[in-house]
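Comments concern the structure below.
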Amino acid sequence: MTIYVVADRAGVAISTVSRVLNDSPEVSEETRERVKAAIEDLQFRPDRTAKALAQRQTDWLAVAVPSSTSQFYNEMLKGVKDCLREHDIDLLLCNLGSAAPRETLWRFLTRGAVDALMLASLPVDERLVHELRMLHAPVVIVGAASEDFDCFYWDDEAGAHAATNHLIENGHQRIGMITANVWDSKLIDNQVSNLRVKGYRRALEEAGIGFDPELVQSGRTLKHAGFSEEAGYEAMQKLLAIDASISAVFASSDVQAIGAWNALRDAGRKVPEEAAIVGYDDIKISRYIGLTSVDQRMQQIGYRATAILLSGLAGARSDQPNRNASYPNLESETRATGNGRRSDFG
(Lines give C-alpha, C1' and ligand atoms only; values in the text may rest on other atoms or scores of the structure.)
Protein backbone atom coordinates (compact mmCIF):
# COMPACT_ATOMS: atom_id res chain seq x y z
CA MET A 1 0.00 0.00 0.00
CA THR A 2 1.44 3.37 -1.04
CA ILE A 3 0.60 7.04 -0.81
CA TYR A 4 -0.36 6.91 -4.50
CA VAL A 5 -3.19 4.47 -3.80
CA VAL A 6 -4.45 6.66 -0.95
CA ALA A 7 -4.42 9.73 -3.19
CA ASP A 8 -6.35 7.87 -5.89
CA ARG A 9 -8.95 6.61 -3.38
CA ALA A 10 -9.47 10.10 -1.90
CA GLY A 11 -9.42 11.83 -5.30
CA VAL A 12 -6.66 14.24 -4.31
CA ALA A 13 -3.06 14.92 -5.23
CA ILE A 14 -0.20 13.04 -3.57
CA SER A 15 1.00 16.32 -2.04
CA THR A 16 -2.39 16.68 -0.33
CA VAL A 17 -2.08 13.26 1.27
CA SER A 18 1.42 14.20 2.42
CA ARG A 19 0.09 17.41 4.00
CA VAL A 20 -2.61 15.46 5.86
CA LEU A 21 -0.05 12.96 7.15
CA ASN A 22 2.12 15.81 8.39
CA ASP A 23 -0.83 17.69 9.98
CA SER A 24 -0.40 20.69 7.71
CA PRO A 25 -2.98 23.47 8.22
CA GLU A 26 -3.05 24.07 4.45
CA VAL A 27 -5.82 21.49 3.89
CA SER A 28 -9.56 22.06 4.21
CA GLU A 29 -11.40 20.09 6.86
CA GLU A 30 -13.57 18.37 4.27
CA THR A 31 -10.53 17.20 2.26
CA ARG A 32 -8.68 16.17 5.41
CA GLU A 33 -11.57 13.93 6.49
CA ARG A 34 -11.78 12.38 3.02
CA VAL A 35 -8.06 11.56 3.05
CA LYS A 36 -8.25 10.16 6.60
CA ALA A 37 -11.17 7.96 5.59
CA ALA A 38 -9.15 6.61 2.65
CA ILE A 39 -6.18 5.94 4.95
CA GLU A 40 -8.41 4.07 7.37
CA ASP A 41 -10.18 2.05 4.66
CA LEU A 42 -6.89 1.03 3.07
CA GLN A 43 -5.14 0.53 6.45
CA PHE A 44 -2.27 2.60 5.09
CA ARG A 45 0.79 3.18 7.29
CA PRO A 46 3.48 5.60 6.10
CA ASP A 47 6.92 4.15 5.45
CA ARG A 48 9.00 5.23 8.43
CA THR A 49 12.17 5.70 6.37
CA ALA A 50 10.64 7.89 3.70
CA LYS A 51 8.74 10.01 6.19
CA ALA A 52 11.76 10.63 8.41
CA LEU A 53 14.02 11.45 5.49
CA ALA A 54 11.44 13.89 4.17
CA GLN A 55 10.99 15.60 7.52
CA ARG A 56 14.56 15.12 8.77
CA GLN A 57 13.22 13.61 11.96
CA THR A 58 15.09 12.04 14.87
CA ASP A 59 17.37 9.01 14.56
CA TRP A 60 16.17 5.43 15.03
CA LEU A 61 17.91 3.02 17.34
CA ALA A 62 16.85 -0.57 16.74
CA VAL A 63 17.10 -3.36 19.32
CA ALA A 64 16.75 -6.93 18.04
CA VAL A 65 16.18 -9.60 20.69
CA PRO A 66 14.85 -13.18 20.62
CA SER A 67 11.84 -12.11 22.72
CA SER A 68 10.94 -8.71 24.10
CA THR A 69 8.51 -10.37 26.54
CA SER A 70 11.27 -12.45 28.15
CA GLN A 71 12.17 -11.17 31.61
CA PHE A 72 15.86 -11.61 30.77
CA TYR A 73 15.71 -9.24 27.79
CA ASN A 74 13.40 -6.91 29.67
CA GLU A 75 16.29 -6.28 32.04
CA MET A 76 18.45 -5.22 29.09
CA LEU A 77 15.67 -3.04 27.65
CA LYS A 78 15.39 -1.21 30.98
CA GLY A 79 19.01 -0.17 30.56
CA VAL A 80 18.32 0.93 26.97
CA LYS A 81 15.37 3.02 28.12
CA ASP A 82 17.36 4.62 30.95
CA CYS A 83 20.15 5.65 28.58
CA LEU A 84 17.74 7.10 26.00
CA ARG A 85 15.79 9.08 28.59
CA GLU A 86 17.51 12.38 27.81
CA HIS A 87 17.93 11.83 24.05
CA ASP A 88 15.62 12.54 21.14
CA ILE A 89 15.90 9.02 19.70
CA ASP A 90 13.14 6.73 18.47
CA LEU A 91 13.39 3.11 19.62
CA LEU A 92 12.50 0.28 17.24
CA LEU A 93 12.07 -3.21 18.63
CA CYS A 94 12.46 -6.43 16.64
CA ASN A 95 11.39 -9.81 18.05
CA LEU A 96 13.70 -12.34 16.39
CA GLY A 97 11.95 -15.42 17.77
CA SER A 98 13.71 -18.76 18.18
CA ALA A 99 12.68 -20.63 15.02
CA ALA A 100 14.32 -18.47 12.31
CA PRO A 101 16.01 -15.46 13.96
CA ARG A 102 18.36 -14.62 11.09
CA GLU A 103 15.57 -14.52 8.51
CA THR A 104 13.49 -12.35 10.84
CA LEU A 105 16.40 -9.94 11.24
CA TRP A 106 16.90 -9.65 7.47
CA ARG A 107 13.21 -8.89 6.94
CA PHE A 108 13.27 -6.27 9.67
CA LEU A 109 16.32 -4.51 8.26
CA THR A 110 14.97 -4.47 4.71
CA ARG A 111 11.74 -2.71 5.77
CA GLY A 112 13.59 0.54 6.33
CA ALA A 113 16.95 1.95 7.33
CA VAL A 114 18.00 2.08 10.97
CA ASP A 115 20.59 4.51 12.28
CA ALA A 116 22.00 2.19 14.97
CA LEU A 117 21.47 -1.45 15.92
CA MET A 118 21.80 -3.45 19.12
CA LEU A 119 21.66 -7.17 18.34
CA ALA A 120 21.26 -9.70 21.15
CA SER A 121 21.95 -13.43 21.33
CA LEU A 122 22.63 -14.12 17.66
CA PRO A 123 25.96 -15.89 16.95
CA VAL A 124 28.29 -13.93 14.70
CA ASP A 125 29.43 -15.52 11.42
CA GLU A 126 30.77 -14.16 8.13
CA ARG A 127 27.33 -13.73 6.59
CA LEU A 128 26.05 -11.76 9.58
CA VAL A 129 29.17 -9.56 9.58
CA HIS A 130 28.63 -8.82 5.88
CA GLU A 131 24.97 -7.93 6.32
CA LEU A 132 25.62 -5.70 9.33
CA ARG A 133 28.40 -3.85 7.55
CA MET A 134 25.95 -3.07 4.76
CA LEU A 135 23.97 -0.99 7.26
CA HIS A 136 26.77 1.59 7.41
CA ALA A 137 25.58 2.30 10.95
CA PRO A 138 26.85 1.75 14.51
CA VAL A 139 26.28 -1.83 15.71
CA VAL A 140 26.69 -3.40 19.15
CA ILE A 141 26.48 -7.17 19.63
CA VAL A 142 25.21 -8.43 23.00
CA GLY A 143 25.76 -12.03 24.03
CA ALA A 144 28.41 -13.01 21.47
CA ALA A 145 32.05 -12.12 20.89
CA SER A 146 32.93 -10.25 17.71
CA GLU A 147 36.18 -9.02 16.17
CA ASP A 148 34.29 -6.66 13.86
CA PHE A 149 31.81 -4.83 16.09
CA ASP A 150 31.56 -3.48 19.62
CA CYS A 151 30.27 -6.31 21.76
CA PHE A 152 29.33 -7.53 25.24
CA TYR A 153 29.54 -11.22 26.06
CA TRP A 154 29.81 -13.56 29.04
CA ASP A 155 31.86 -16.53 30.12
CA ASP A 156 28.91 -18.92 30.32
CA GLU A 157 31.08 -21.89 31.22
CA ALA A 158 32.59 -20.03 34.17
CA GLY A 159 29.16 -18.92 35.39
CA ALA A 160 27.75 -22.46 35.30
CA HIS A 161 30.91 -23.84 36.94
CA ALA A 162 30.60 -21.39 39.84
CA ALA A 163 26.88 -22.08 40.30
CA THR A 164 27.44 -25.84 40.41
CA ASN A 165 30.51 -25.51 42.62
CA HIS A 166 28.45 -23.45 45.06
CA LEU A 167 26.04 -26.35 45.44
CA ILE A 168 28.91 -28.81 45.87
CA GLU A 169 30.49 -26.64 48.56
CA ASN A 170 27.19 -26.81 50.44
CA GLY A 171 27.38 -30.58 50.59
CA HIS A 172 25.32 -31.65 47.58
CA GLN A 173 26.45 -34.69 45.58
CA ARG A 174 23.40 -35.54 43.47
CA ILE A 175 22.93 -32.38 41.43
CA GLY A 176 20.66 -32.11 38.41
CA MET A 177 20.75 -29.50 35.68
CA ILE A 178 17.92 -27.88 33.74
CA THR A 179 18.84 -26.52 30.35
CA ALA A 180 17.22 -25.53 27.08
CA ASN A 181 16.78 -28.19 24.43
CA VAL A 182 20.46 -28.60 23.53
CA TRP A 183 19.80 -31.44 21.12
CA ASP A 184 17.47 -29.70 18.65
CA SER A 185 19.65 -27.24 16.74
CA LYS A 186 16.81 -26.57 14.26
CA LEU A 187 14.90 -24.67 16.94
CA ILE A 188 17.57 -22.74 18.80
CA ASP A 189 21.24 -22.02 18.71
CA ASN A 190 22.65 -24.25 21.42
CA GLN A 191 26.01 -22.58 22.04
CA VAL A 192 25.03 -20.96 25.34
CA SER A 193 23.30 -24.09 26.59
CA ASN A 194 26.28 -26.29 25.72
CA LEU A 195 28.75 -23.97 27.46
CA ARG A 196 26.69 -24.02 30.64
CA VAL A 197 26.43 -27.81 30.51
CA LYS A 198 30.21 -27.87 30.06
CA GLY A 199 30.73 -25.68 33.15
CA TYR A 200 28.34 -27.84 35.17
CA ARG A 201 30.14 -31.02 34.13
CA ARG A 202 33.59 -29.59 34.84
CA ALA A 203 32.59 -28.57 38.38
CA LEU A 204 31.25 -32.06 39.09
CA GLU A 205 34.32 -33.84 37.75
CA GLU A 206 36.74 -31.56 39.58
CA ALA A 207 34.92 -32.52 42.80
CA GLY A 208 35.18 -36.24 41.98
CA ILE A 209 31.47 -36.52 41.15
CA GLY A 210 30.65 -38.47 38.01
CA PHE A 211 28.77 -36.71 35.23
CA ASP A 212 25.43 -38.38 34.53
CA PRO A 213 23.84 -37.15 31.27
CA GLU A 214 20.46 -38.39 32.53
CA LEU A 215 20.56 -35.62 35.12
CA VAL A 216 20.66 -32.93 32.41
CA GLN A 217 17.07 -32.35 31.36
CA SER A 218 14.99 -29.84 29.43
CA GLY A 219 11.26 -29.22 29.22
CA ARG A 220 8.89 -29.86 26.34
CA THR A 221 7.70 -26.25 26.10
CA LEU A 222 9.60 -24.39 23.37
CA LYS A 223 8.43 -20.88 24.27
CA HIS A 224 11.40 -18.53 24.65
CA ALA A 225 13.60 -21.31 23.21
CA GLY A 226 13.04 -23.42 26.30
CA PHE A 227 13.96 -20.71 28.79
CA SER A 228 10.58 -20.50 30.52
CA GLU A 229 8.80 -21.35 33.76
CA GLU A 230 6.85 -24.09 32.01
CA ALA A 231 10.01 -25.73 30.66
CA GLY A 232 11.64 -25.55 34.09
CA TYR A 233 8.63 -27.20 35.71
CA GLU A 234 8.59 -30.01 33.12
CA ALA A 235 12.35 -30.60 33.35
CA MET A 236 12.18 -30.80 37.16
CA GLN A 237 9.43 -33.39 36.90
CA LYS A 238 11.69 -35.45 34.62
CA LEU A 239 14.60 -35.19 37.06
CA LEU A 240 12.49 -36.32 40.01
CA ALA A 241 11.17 -39.25 37.97
CA ILE A 242 14.72 -40.29 37.08
CA ASP A 243 16.16 -39.89 40.58
CA ALA A 244 14.02 -38.82 43.51
CA SER A 245 17.18 -38.52 45.67
CA ILE A 246 18.37 -35.39 43.82
CA SER A 247 19.13 -32.80 46.49
CA ALA A 248 20.00 -29.82 44.29
CA VAL A 249 19.46 -28.43 40.81
CA PHE A 250 21.22 -25.82 38.71
CA ALA A 251 18.88 -24.14 36.20
CA SER A 252 20.19 -22.35 33.10
CA SER A 253 17.85 -19.42 33.71
CA ASP A 254 15.94 -17.90 36.60
CA VAL A 255 12.57 -18.51 34.96
CA GLN A 256 13.42 -22.22 34.65
CA ALA A 257 14.49 -22.19 38.30
CA ILE A 258 11.14 -20.67 39.31
CA GLY A 259 9.32 -23.39 37.39
CA ALA A 260 11.50 -26.05 39.03
CA TRP A 261 10.77 -24.55 42.44
CA ASN A 262 7.05 -24.93 41.77
CA ALA A 263 7.52 -28.55 40.65
CA LEU A 264 9.43 -29.36 43.83
CA ARG A 265 6.70 -27.78 45.93
CA ASP A 266 4.05 -29.82 44.11
CA ALA A 267 6.13 -32.93 44.80
CA GLY A 268 6.16 -32.13 48.52
CA ARG A 269 9.82 -31.01 48.61
CA LYS A 270 10.72 -27.89 50.60
CA VAL A 271 13.19 -25.39 49.16
CA PRO A 272 15.91 -25.02 50.40
CA GLU A 273 15.48 -27.44 53.32
CA GLU A 274 15.01 -30.53 51.14
CA ALA A 275 16.27 -29.32 47.76
CA ALA A 276 18.52 -26.43 46.76
CA ILE A 277 18.16 -24.37 43.58
CA VAL A 278 20.54 -22.00 41.80
CA GLY A 279 19.32 -20.01 38.78
CA TYR A 280 21.02 -17.93 36.11
CA ASP A 281 20.43 -14.28 35.05
CA ASP A 282 19.43 -12.64 38.38
CA ILE A 283 16.27 -11.06 36.98
CA LYS A 284 14.40 -8.63 39.21
CA ILE A 285 11.89 -11.10 40.67
CA SER A 286 14.73 -13.38 41.82
CA ARG A 287 15.95 -10.69 44.20
CA TYR A 288 12.54 -10.56 45.88
CA ILE A 289 11.85 -14.28 46.21
CA GLY A 290 15.35 -15.08 47.50
CA LEU A 291 16.56 -17.15 44.54
CA THR A 292 20.31 -17.70 44.45
CA SER A 293 21.34 -16.74 40.92
CA VAL A 294 24.18 -15.89 38.56
CA ASP A 295 24.07 -12.17 37.79
CA GLN A 296 24.74 -11.14 34.17
CA ARG A 297 24.14 -7.41 34.83
CA MET A 298 21.79 -7.12 31.87
CA GLN A 299 20.42 -3.69 32.78
CA GLN A 300 23.92 -2.28 33.08
CA ILE A 301 24.96 -3.84 29.77
CA GLY A 302 21.85 -2.47 28.05
CA TYR A 303 22.78 1.00 29.28
CA ARG A 304 26.43 0.75 28.25
CA ALA A 305 25.63 -0.72 24.83
CA THR A 306 23.18 2.12 24.16
CA ALA A 307 25.77 4.69 25.20
CA ILE A 308 28.20 3.24 22.64
CA LEU A 309 25.54 3.46 19.91
CA LEU A 310 24.72 7.06 20.82
CA SER A 311 28.40 7.90 20.65
CA GLY A 312 28.53 6.36 17.18
CA LEU A 313 25.49 8.36 16.08
CA ALA A 314 27.25 11.51 17.27
CA GLY A 315 30.17 10.70 14.97
CA ALA A 316 32.58 9.20 17.48
CA ARG A 317 34.02 6.05 15.92
CA SER A 318 36.84 3.83 17.15
CA ASP A 319 39.28 2.07 14.84
CA GLN A 320 39.16 -1.00 17.05
CA PRO A 321 35.88 -2.54 18.29
CA ASN A 322 35.32 -2.47 22.03
CA ARG A 323 35.14 -6.10 23.22
CA ASN A 324 33.60 -6.28 26.70
CA ALA A 325 34.01 -9.69 28.30
CA SER A 326 31.94 -10.13 31.46
CA TYR A 327 32.33 -12.72 34.19
CA PRO A 328 28.96 -13.26 35.92
CA ASN A 329 28.61 -12.93 39.68
CA LEU A 330 26.87 -15.51 41.85
CA GLU A 331 24.36 -13.54 43.91
CA SER A 332 23.72 -15.68 46.98
CA GLU A 333 25.07 -13.77 49.98
CA THR A 334 21.61 -12.92 51.28
CA ARG A 335 19.56 -15.58 49.50
CA ALA A 336 18.40 -18.94 50.69
CA THR A 337 17.67 -21.28 47.80
CA GLY A 338 21.30 -22.20 47.17
CA ASN A 339 21.80 -23.45 50.75
CA GLY A 340 24.40 -21.10 52.14
CA ARG A 341 26.42 -17.97 51.47
CA ARG A 342 28.96 -17.16 48.84
CA SER A 343 30.66 -13.95 47.81
CA ASP A 344 30.90 -12.71 44.23
CA PHE A 345 33.43 -14.18 41.84
CA GLY A 346 34.89 -13.06 38.52
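If the convex hull of the alpha-carbon atoms of region 85-128 is projected onto planes in all directions, what is the mean projected area in square nanometres?
Numbers: hull surface 15.9 nm².
Mean projected area of the Cα convex hull: 4.0 nm².
Mind pulling up the Rg/Rh value for region 118-171? Radius of gyration and Kirkwood radius, both on Cα. Each step should come with its number before you reach the end.
Numbers: Rg = 16.0 Å, Rh = 13.0 Å.
We get a ratio of 1.23 for region 118-171.
Taking only the C-alpha atoms, wrap a convex hull around region 202-310 and report its volume per residue in Å³ as a whole number. Numbers along the way, then the final one.
Numbers: hull volume 14.2 nm³, N = 109.
Residue-normalised Cα hull volume stands at 130 Å³.
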In this structure, the FRET efficiency calculated for Val5 and Ala307 from their beta-carbon separation, with R0 = 30 Å, to the nearest 0.05, is 0.10
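Step by step: find N for region 79-169, compute 2.2 N^0.38 Å, then divide the Cα radius of gyration by it. What's the final number?
On the way: Rg = 16.2 Å, N = 91, 2.2 N^0.38 = 12.2 Å.
Scaled against compact globular proteins, the figure is 1.32.
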Peptides 263-270, 21-28, 243-250, 120-127: what's the order by average Cβ count within 10 Å, highest mean first? 243-250, 120-127, 263-270, 21-28
Over region 206-291, give the accessible area per residue in Å² for a 1.4 Å probe, as an integer. 42
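Show me 88-99, 164-175 ranked by packing, highest mean number of other Cβ atoms within 10 Å first. Present the calculation step by step, with values, prior to reporting the outcome.
Working: 88-99: 16.0, 164-175: 19.4.
Highest mean packing first, the order is 164-175, 88-99.
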Carbon and sulfur %, accessible surface of region 107-249 computed with the full protein complex present, 1.4 Å: 49
Candidate cut points under chymotrypsin sites (Phe, Trp or Tyr not before Pro) in region 104-213, DSSP loop plus at most 15 other Cβ atoms within 10 Å of their own Cβ, are Trp183, Phe211
Return P(r) of region 148-249 (all Cα-Cα pairs; 10 Å bins starting at 0; whole %; ordered from short to long distances). 16, 44, 32, 7, 1
Estimate the FRET efficiency between Arg45 and Ala267 by the formula 1/(1 + (r/R0)^6), using the beta-carbon distance for r and 45 Å for R0, to the nearest 0.05. 0.35
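With every protein chain present, what is the per residue accessible area of region 116-169 (1.4 Å probe, Å²)? Working shown, then result.
Details: 1930 Å² over 54 residues.
Each residue of region 116-169 exposes 36 Å² on average to a 1.4 Å probe.
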If R0 = 25 Å, then Asp88 and Met134, at their Cβ-Cβ distance, give a FRET efficiency to the nearest 0.05 of 0.45
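The values are calculated or read from the model by the stated rules, or taken from the named source; none is laboratory data. Fair warning: this is a prediction, and the values are worked out from it, not measured in the lab. Glycine gets a Cβ as well: all are built from the backbone with ideal geometry, and neighbour counts include every protein chain shown. Heads up: the accessible areas ignore ligands, DNA and RNA and are worked out on the full protein's heavy atoms, side chains in. Shrake-Rupley method; radii C 1.70, N 1.55, O 1.52, S 1.80 Å.
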